[in-house]
Amino acid sequence: MPATGDGRAPGAADLAGAHDGAPVGHARNHAMTGPATATPPIPHPRSRAAHASHPSHIPEPGGPAADGPADGTPLRLLVIEDDASDAQLIKAAAADSGASIEIHWARGLDQATELLAPPTPWARRGRSRTPEFGCVLLDLAAPADLPHPSDSSDGLEGLHELLRRAPHTPVVVLTDAAGAELGAAAVAAGAQDFLLKHETDGPLLARALRYAVERKRADESQRRLVEAELRGQENARLQRHLLPTPLLDGAGLSFTRRYRPGRRRALLGGDFYDAVRTDDGTVHVVIGDVCGHGPDEAALGVALRIAWRTLVFAGLTGEALLTTLQHVLEHERRSDEIFATLCMLVIEPAAGSGPDALGAGERARLYLAGHPAPLLLGRDHGPITLPADLAGPALGLLPCHDGQAAWPAHEVELPAGWRLLLYTDGLIEGRVGAGSRRLGQDGLADLIGDHQAAGLTRGRLVDSAIAEVEELNGGALTDDVAVLLLERNPVQLILG
């Protein structure tokens, strides 16, 4: 029994749809004397000319195919065959297959390339685009038309050239009876299947073509999936490296941070944070939020964070730093409507030296630019929201050259063993229940207090708080969320 070279083709079945230029599968066993004929094609049965009946034909090699009906979907097969009699055998087998196949014929790769290539822009104007071929049937004995033929021939030069010129089109190759090994090599080189010439009947041809189309579609889907996964991995690595590593060596602080972008499948949002310790022992902490949720906002957040760290190490602080940071935002944002909220803490070192002095009599300067104030977590009292009466506008809302934008400092006394929770508004804008009520700052303070009373600390405290906020919201939060828990700890820095 004749068989495909691959042997894994699905069972014989009709290829759905009708035909336009060279109908087969509906008219059987017509006598054919050559590759060209003036007989017009059979119109689609649902067309207005369905009452006219004509014998099928193979178009002249390289010639245009007749335009088909818009609703017809035959398999457009390009046959690359230099022998006219073999082309007629293929035509007869296709006619006996019972499938709807529209055959186009090319004597070599040069003619085939003209048919496979998409039309030029000037040729597309004023005319509809010719549908793409669903499959190519290549006789390995056909001339390869190679510009620089290789001396070391493996019999697959034509296939290699065809795959180079039409990498996304399924290919089935034809070999003679003694070329089964060459056919298997062709499949290994990139063809979807091979057939033995003169042993192929109509149903076998239809099955091989359908298998080739489905296998190529599966291969293309797998290729796109792999490419998407690689792009996703590259984006993940890029975004992960854009998140900061706090520089707090020698500060004697515990630093816990959590970051959750609102965009699906993203690792970076418009929220940003950083913390550094300068040579004089001062600890600088910032957390901010760029309005919006897209990649442009994420990129702007990274730019502001890097600029902030650079300005801190350059010796700027307070309003001078925030003014310069607003200039950076104004030059980097894509629209004048983009702004960023920000909270900045400058924690001065305590007087004295040694481990016992850490956390004793410390003071901090708090700067707010349209951002929610941090929570001070105490051992003997519930969370307290730091004062926000001196808060200034968000960066980018008001011009700072005429004094309209100002960010005065609020002096904060930090008790021994202090803990500060900084966060972005994504944490407090979640809903509470099915109504429109939001959690808010007071609700967050009560929630944190309950979790503290349960004995949770550091990472467990932050994680449980975020989990309950999401539970109250009825699902994941849609806005970006950044949370920092900074704690005075009389030991070396602990990151969580």
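Tabulated data for the structure shown
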read-out: Every residue from segment 308-335 that is open to solvent by 20 Å² or more (accessible area, probe 1.4 Å), in contact with a helix residue (DSSP H, G or I) (Cβ under 9 Å, 6 or more places away or on another chain), closer than 24 Å to Y259 by Cα and part of a helix (DSSP H, G or I); value: L311, V328, E332
read-out: Subset of segment 348-374 [within 30 Å of R334 (Cβ to Cβ), among the small types (G, A, S) and either modelled with pLDDT under 95 or not in a loop (DSSP other than H, G, I, E, B) (or both)]; value: A369, G370
read-out: Residues being in a helix (DSSP H, G or I) and either open to solvent by 30 Å² or more (accessible area, probe 1.4 Å) or within 20 Å of L209 (Cβ to Cβ) (or both) - total across segment 160-178; value: 5
read-out: Qualifying residue in segment 284-300 (condition: in a helix (DSSP H, G or I), closer than 15 Å to G370 by Cβ and modelled with pLDDT of 95 or more); value: no
read-out: 1 or more residues open to solvent by 40 Å² or more (accessible area, probe 1.4 Å) and more than 23 Å from R260 (Cα to Cα): qualifying strands (runs of 3 or more DSSP E) within segment 375-494; value: 410-414
read-out: Selection count where residues are without any contact (Cβ under 8 Å) to a residue 40 or more places away in the chain and either outside any loop (DSSP other than H, G, I, E, B) or over 23 Å from F339 (Cα atoms) (or both), scope segment 253-283; value: 6
read-out: Yes/no for A434 being under 19 Å from D480 (Cβ atoms) and either at pLDDT 95 or above or under 39 Å from the mean Cα position of the chain (by Cα) (or both); value: no
read-out: Candidate set: segment 336-354, residues that are farther than 22 Å from T278 by Cα and among the hydrophobic types (A, V, I, L, M, F, W, C); chosen: the one most open to solvent (accessible area, probe 1.4 Å); value: F339
read-out: Identity of the residue in segment 201-216, open to solvent by less than 40 Å² (accessible area, probe 1.4 Å) and farther than 17 Å from H168 by Cα, that ends up modelled with the lowest pLDDT; value: G202
read-out: Check on V276, open to solvent by less than 10 Å² (accessible area, probe 1.4 Å) and within 19 Å of P349 (Cα to Cα); value: yes
read-out: Counted residues, segment 172-218 - those being in contact with an Asp or Glu (Cβ under 7 Å, 6 or more places away or on another chain) and of a type in the set (D, E); value: 2
read-out: Residue identified as within 15 Å of L485 (Cβ to Cβ) and among the polar types (S, T, N, Q) among T245, T256; value: T256
read-out: Residues located in segment 293-308, provided they are charged (D, E, K, R) and under 14 Å from L342 (Cα atoms); value: R305
read-out: Boolean, R305 is on the phi < 0 side of the Ramachandran plot, at pLDDT 85 or above and open to solvent by 60 Å² or more (accessible area, probe 1.4 Å); value: no
read-out: Condition met for G292 (under 25 Å from the mean Cα position of the chain (by Cα), open to solvent by 20 Å² or more (accessible area, probe 1.4 Å) and at positive phi); value: yes
read-out: Test: A228 is among the small types (G, A, S), in a helix (DSSP H, G or I) and modelled with pLDDT of 90 or more; value: no
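The values are calculated or read from the model by the stated rules, or taken from the named source; none is laboratory data. The structure presented is a predicted model; accordingly, all values stated were derived computationally and were not measured. Ideal geometry is used to build each Cβ from the backbone, glycine not excepted, and the neighbour counts take in all protein chains shown. Surface areas here come from the heavy atoms of the whole protein model, side chains and all, with no ligands, DNA or RNA. Shrake-Rupley method; radii C 1.70, N 1.55, O 1.52, S 1.80 Å.
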